[in-house]
Amino acid sequence: MQRKILLMLYATIFLWVSAFGQKTDSVVIVKCSIGYKLPAANCIVEINYPQIVGSNDSAQISINKALRESLNVEISDNEFYIDCQDNSEYLGDYKILFNQKGIFSVEITNYQYNENAAHGHCWYGALNFNIHTGKTIELEEILTNGYKKVVEKYMQPFHDDLAVYLDEADHLVKIPGYGITKKGLIFYFKSFFEAREYIKILIPYNVLEKYISYPALKKIK
């Protein structure tokens, strides 16, 4: 049985800086939570996600909109709705990967389990933003041609899991997603085998150094 429910929203500021009226290289983050429990139907919804505050400019509005849209729920006028099935779980969380040098990178995790399913399904990925423009930072803006050879080398231990991303010559065809951290870039791949779900590969900056073209990341060692 499906029930469309309105999810309650809670917000907690866990980081605050004096950023009003100043152009800073990091953002102020608010942790938001939406949750609902329907014991009779054994339906649980627990989703945490970030929003940034400190101004109301177009960059912040654009980033917050993208963060909300990354959730696996229906959004209407800042209210959240979901079809709550019997014996189901909808879980979501995030991890801040990078928040400096004008870059905001956040890892998003969504998990969903529905009745009669063999197991739940998980989605991993990251969103990367230029905090001054509000635009998504594409991987091609960060790395120049040639970097795929490095990624291919790091994929080798997971070759069978990730064969779908390689051509017949074992050349990388597609990278589903990536995230920016202090130590290096994380590459996200969905495994061919459902039991493993997702594989995350971290490649240090010193390995990618000659391919990095994004100015803010060139200085990280």
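The values are calculated or read from the model by the stated rules, or taken from the named source; none is laboratory data. Computed from a prediction, not measured in an experiment: that's the story for all the values here. With ideal geometry, Cβ positions are generated from the backbone for all residues, glycine too; neighbour counts draw on all protein chains shown.
Of the residues making up the stretch 144-173, those that are touching a Phe, Trp or Tyr at 6+ places or on another chain (Cβ under 7 Å), among the aliphatic types (A, V, I, L, M), surrounded by 11 or more Cβ atoms within 10 Å (Cβ to Cβ) and at pLDDT below 90 number 3. The stretch 53-104 holds strands (runs of 3 or more DSSP E) entirely within its bounds, and those carrying 2 or more residues that are at pLDDT 90 or above and assigned by TED's automatic domain parsing to the domain that holds V28 map to 88-100.
Restricting attention to the stretch 48-69, and to residues there that are among the charged types (D, E, K, R) and within 15 Å of I34 (Cα to Cα), which single residue is surrounded by the fewest Cβ atoms within 10 Å (Cβ to Cβ)? Restricting to residues being among the charged types (D, E, K, R) and within 15 Å of I34 (Cα to Cα), the top hit is E69. Every condition in (1) at pLDDT below 85; (2) under 28 Å from Y205 (Cβ atoms); (3) out of contact with any strand residue (DSSP E or B) (no Cβ under 9 Å at 6 or more places or on another chain) is met by Y124 except one, and the failing one is (3).
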